[in-house]
Amino acid sequence: MRDQRLWTWHIGAGAVILVLLGLHMTVMHLDAIVRVFNPAPGEPVDWSNVVARGKSVFFLVTYVLLLGTALFHGFYGLRNILFELNPGAPAKKAMNGLFLVAGLVLFAIGTWAAWAGFTVARSA
């Protein structure tokens, strides 16, 4: 039952990643067609456009959401691949702990970086 629920979350995370990466592709690579997220003229990576997106709570939330879903999706997928090698119970427990700690640490660092970027952009 637990594996079925985690697999459902894995698929759901993949769908969220698909939407958020679609948004990224639109903002960064279709700027000539969709200019709504890049208010200043020029490229999406020009400083004025980066700061404009950095001030947006919407982008802060999407960055953190993308980070969380990508970490879960990636680590859970890697866990399933490694579990197909049929390791012993202690190895499975160690891998679960390692992936959980690594995921939480990376999520904390990434969330801090997104928040720092947001606060710096707000003060600029």
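The values are calculated or read from the model by the stated rules, or taken from the named source; none is laboratory data. Since this is a predicted model, take the numbers as computed values, not measurements. We place every Cβ from the backbone using ideal geometry, glycine too, and count neighbours over all the protein chains shown.
When the test is whether a residue is acidic (Asp, Glu) and either touching a His at 6+ places or on another chain (Cβ under 7 Å) or in a helix (DSSP H, G or I) (or both), residue 31 does not pass it. Name the single residue that is modelled with the highest pLDDT among those in region 15-29 being surrounded by 12 or more Cβ atoms within 10 Å (Cβ to Cβ) and within 29 Å of residue 123 (Cα to Cα). Per the criteria, the residue is 20.
Of all residues in region 100-124, those satisfying the criterion of being of a type in the set (Gly, Ala, Ser) and either within 15 Å of the chain's Cα centre (by Cα) or within 14 Å of residue 70 (Cβ to Cβ) (or both) are 102, 103, 108, 110, 113, 114.
Can you tell me which residue within region 50-92, out of those that are among the polar types (S, T, N, Q) and surrounded by fewer than 17 Cβ atoms within 10 Å (Cβ to Cβ), is farthest from residue 31 (Cα to Cα)? Among those residues, the one meeting the criterion is 86. Filtering region 37-96 to residues that are hydrophobic (A, V, I, L, M, F, W, C), over 23 Å from the mean Cα position of the chain (by Cα) and assigned to a helix (DSSP H, G or I) leaves 83, 89, 91, 94.
Could you please find all residues in region 94-124 being surrounded by 11 or more Cβ atoms within 10 Å (Cβ to Cβ) and under 20 Å from residue 10 (Cβ atoms)? Passing the criteria: 95, 96, 98, 99, 100, 102, 103, 104, 106, 107, 110. Listed conditions (1) surrounded by fewer than 17 Cβ atoms within 10 Å (Cβ to Cβ); (2) modelled with pLDDT under 90 are all met by residue 12, apart from (2). Pairs meeting the criteria (first residue in region 12-24 and under 13 Å from residue 74 (Cα atoms), second residue surrounded by 13 or more Cβ atoms within 10 Å (Cβ to Cβ) and of a type in the set (Gly, Ala, Ser), beta carbons under 8 Å, at least 6 apart or on different chains) are 13/70; 17/70.
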